[in-house]
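One structure is given here, and the rest of the page talks about it.
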Amino acid sequence: QRIAYLVRVGGIAPYRIAAVTFTNKAAREMRNRLDRLLGTRSEDLTCGTFHSFCASILRMDGSHLGVDRSFVIYDDEDQAKVIKRAMEEAHIDPKRFPVGAVRSAISGAKSNLLDPAGFAPTVRSYYEEVILRVYERYQGLLGQSKTVDFDDLLLKTHFLFQRVAEVAERYQDRYVHFMVDEFQDTNVAQYAIARQLSEKYRNLC
């Protein structure tokens with residue numbers, strides 16, 4: 001309703017509005033409602049999950065960070081296989097350090113905007129040292145195969161905006177309004193991206 005109001009009453013071009021949510025189901029529902037409210041005008045809206053939004057940005061501009069435009073997104077199963085391989089290369093015993101726990105720790109680091117270089121200074125224990133060793137190899141393997149995981153979509157988008165001002169400014173200029181469904185569920189990375197995108201117009205809802 002707010003998006004429809006902005007377009008119909010506020011005169012905001014749909015192209016200049018972005019709305020993101022957390023699940024594919026919620027994104028489909030949002031899109032269907034907007035189609036009913038706005039008809040063909042809804043086609044120009046940016047509307048989808050946080051991850052699909054970031055994926056489209058990386059496909060367009062990720063080359064600034066060395067991200068291949070044709071990257072493949074690994075699901076949980078693929079990710080577990082690569083982490084297992086990274087553990088083997090790092091000579092880490094999966095019986096002592098379960099793959100699931102290692103994967104969760106790496107995911108947590110990425111959600112807190114820590115790549116391996118950022119995670120290294122936070123290491124305070126042997127366990128964290130193990131995580132860092134696996135994390136470094138894991139990212140290397142993803143890079144070799146031109147793949148990313150779901151957490152990378154957010155992490156790399158944040159770094160893109162942080163490190164390449166011209167790209168950040170282009171998206172900040174475009175999106176007059178940025179809306180996040182279920183905002184209380186945002187993690188550190190998602191909140192940082194929302195802040196970056198709404199820096200110019202400060203219309204974050």
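Here, each number is a calculation from the coordinates, and none is a lab measurement. What you are looking at is a predicted structure, and each value in this text was computed from that prediction instead of being measured. Positions of Cβ are generated from backbone atoms using ideal geometry, with glycine treated the same way; all protein chains shown enter the neighbour counts.
Which is the longest stretch in the chain that no exposed loop site breaks, taking sites as trypsin sites (Lys or Arg not before Pro) with a DSSP loop state and at most 15 other Cβ atoms within 10 Å?
1-68
If you average the alpha carbon positions of the stretch 54-70 and of the stretch 139-157, how far apart do those two centres end up, in angstrom?
11 Å
May I ask which residue of Gly11, Ala109, Val167 lies farthest towards the positive end of the charge dipole of the chain, with charges of +1 (Lys, Arg) and -1 (Asp, Glu) on Cβ and the Cα centre as origin?
Result: Gly11.
Given (1) 18.0, 58; (2) 21.3, 89; (3) 18.8, 62, which label gives Rg and Dmax of the Cα atoms in Å as computed from the coordinates?
(3)
To the nearest 0.05, how large is the calculated FRET efficiency for Cys205 and Val164 if R₀ is 25 Å and r is the Cβ-Cβ distance? Each step should come with its number before you reach the end.
Values: r = 26 Å, r/R0 = 1.04.
FRET efficiency, Cys205 to Val164: 0.45.
What is the sum of charges, Lys and Arg at +1 and Asp and Glu at -1, for the other residues whose Cβ falls under 15 Å from the Cβ of Asn203? Could you put the intermediate results ahead of the total?
Values: positive: Arg2, Arg16, Arg174, Arg195, Lys200, Arg202; negative: Asp173, Glu199.
Taking every other residue near Asn203 into account, the sum is +4.
In nm, to one decimal, how far is the modelled label at Thr40 from the one at Gln1, with both set 7 Å along Cα→Cβ?
Between Thr40 and Gln1, the simple spin-label model gives 2.8 nm.
Could you tell me the calculated FRET efficiency between Glu129 and Asp75, based on Cβ-Cβ distance and R0 = 35 angstrom, to the nearest 0.05?
0.80
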